[in-house]
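Reading through the structure tokens given below for one structure.
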Amino acid sequence: MKAEIIRLLKECDGYLSGQELCERLGVSRTAVWKVIKQLEKEGYEIEAVRNRGYRLIEGGDVMTEAEIKSCLDKGFMDWNVVCYEETDSTNIRAKHLAEEGAGEGTLVVAERQNAGKGRRGRGWVSPCGTGIWMSLILRPDIAPSQASMVTLVAALGVSQGILRSTGIKTEIKWPNDIVLNGKKICGILTEMSTELETIQYVVVGIGINVNIKEFPEELSSSATSLFLETKGTHKRAPVIGAVAAAFESYYKNFLKTGDLSLLKQEYESRLANRNRSVTVLSPTEPFEGICRGIDDQGELLVERESGELCHVLSGEVSVRGLYGYV
């Protein structure tokens, strides 16, 4: 009921009467009043005027289950939100929940992670109250060999979600980073559990630097945040809602074909490295070339000096710009 009251107050231009809330939700005035009081304790500023009703003045940067649910569109996914004040890692929590039977569309969110991790086991800085640290449980009916493409689908969702919610255009550094002005603003870590060549679940971890005001010296040249690039703060729950909605749309198209054929053109339009020199850091044979986009399976196409077009698998290599991170 909290999420619905928040949603209704947000959608109302003026005051919403207690009676109307009661009728829409099928509850008593006392029940509505109790929820309003709970919301005020959580940080919402709600004006109550006799004979007029309630008006939401300011929501603040609230990250509760009810607030996030109020920002989620109802699509083909049955969104279920699980929130933590602090946890080790949202991916770890999501995997535990998936093992216990949590359904597709379960979204795990934390205010702070104390053991956040990125690709290749790297640590992920995730301070309290400044970023979006979340993981999504999926149960796609695809082969394990197709699961790596989910990372690219998620990257599209994050880039489009940030654009929808903030108006800020970002780019994708293949396969799992979102960049803004040449610096990393988001990382994506996809993990899965399989059994007999069947996917049990996929967990997509997403970390977005939203209101971080400074980074450690070793990260300052390659990492940034929405705050640092815009000089303003951003509410995180609406960004989560926009990212979830965009991801759901792209994911639906991915499931139709089992590849990226329906998404390839849009992905390439956001690809930061496209038609630029890159270094492919392969453990067997590092090489340089020109990024030419991706194929339908999400492999990076890199043209070598000889003219040979190489298909690069995301699980095998890292890609860097010839003169820097991008």
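Exactly one of these conditions fails for LEU97: (1) in the same structural domain as TRP133 (by TED's automatic domain parsing); (2) outside any helix (DSSP H, G or I). Give me its number.
(2)
Can you name the condition, by its number, that LEU255 falls short on among (1) surrounded by 21 or more Cβ atoms within 10 Å (Cβ to Cβ); (2) assigned by TED's automatic domain parsing to the domain that holds LEU163; (3) touching a Pro at 6+ places or on another chain (Cβ under 9 Å)?
(1)
So in region 72-97, with the set limited to residues that are within 16 Å of ALA3 (Cα to Cα) and without any contact (Cβ under 8 Å) to a residue 60 or more places away in the chain, which one is surrounded by the fewest Cβ atoms within 10 Å (Cβ to Cβ)?
Per the criteria, the residue is LYS74.
Looking for something acidic (Asp, Glu) and either at pLDDT 95 or above or on the phi > 0 side of the Ramachandran plot (or both) - is there at least one such residue anywhere in region 229-243?
no
Would you mind stating whether ASP296 is in a loop (DSSP other than H, G, I, E, B), in contact with a Lys or Arg (Cβ under 8 Å, 6 or more places away or on another chain) and within 23 Å of VAL204 (Cα to Cα)?
yes
Which ranges mark the strands (runs of 3 or more DSSP E) fully within region 147-232 that have 1 or more residues being within 25 Å of ASP61 (Cα to Cα)?
Output list reads 177-180, 183-195, 198-209.
Every residue in region 23-43 that is free of Cβ contacts under 8 Å to residues at least 12 places away in the same chain and buried (at least 16 other Cβ atoms within 10 Å of the Cβ), please.
Across region 23-43, there are no qualifying residues.
Could you count how many residues in region 287-310 are of a type in the set (D, E, K, R), surrounded by fewer than 17 Cβ atoms within 10 Å (Cβ to Cβ) and either out of contact with any Phe, Trp or Tyr (no Cβ under 7 Å at 6 or more places or on another chain) or in the same structural domain as ASP259 (by TED's automatic domain parsing) (or both)?
Matching residues across region 287-310 total 6.
The values are calculated or read from the model by the stated rules, or taken from the named source; none is laboratory data. The structure displayed is predicted, hence computed values, not measured ones. Ideal geometry is used to build each Cβ from the backbone, glycine not excepted, and the neighbour counts take in all protein chains shown.
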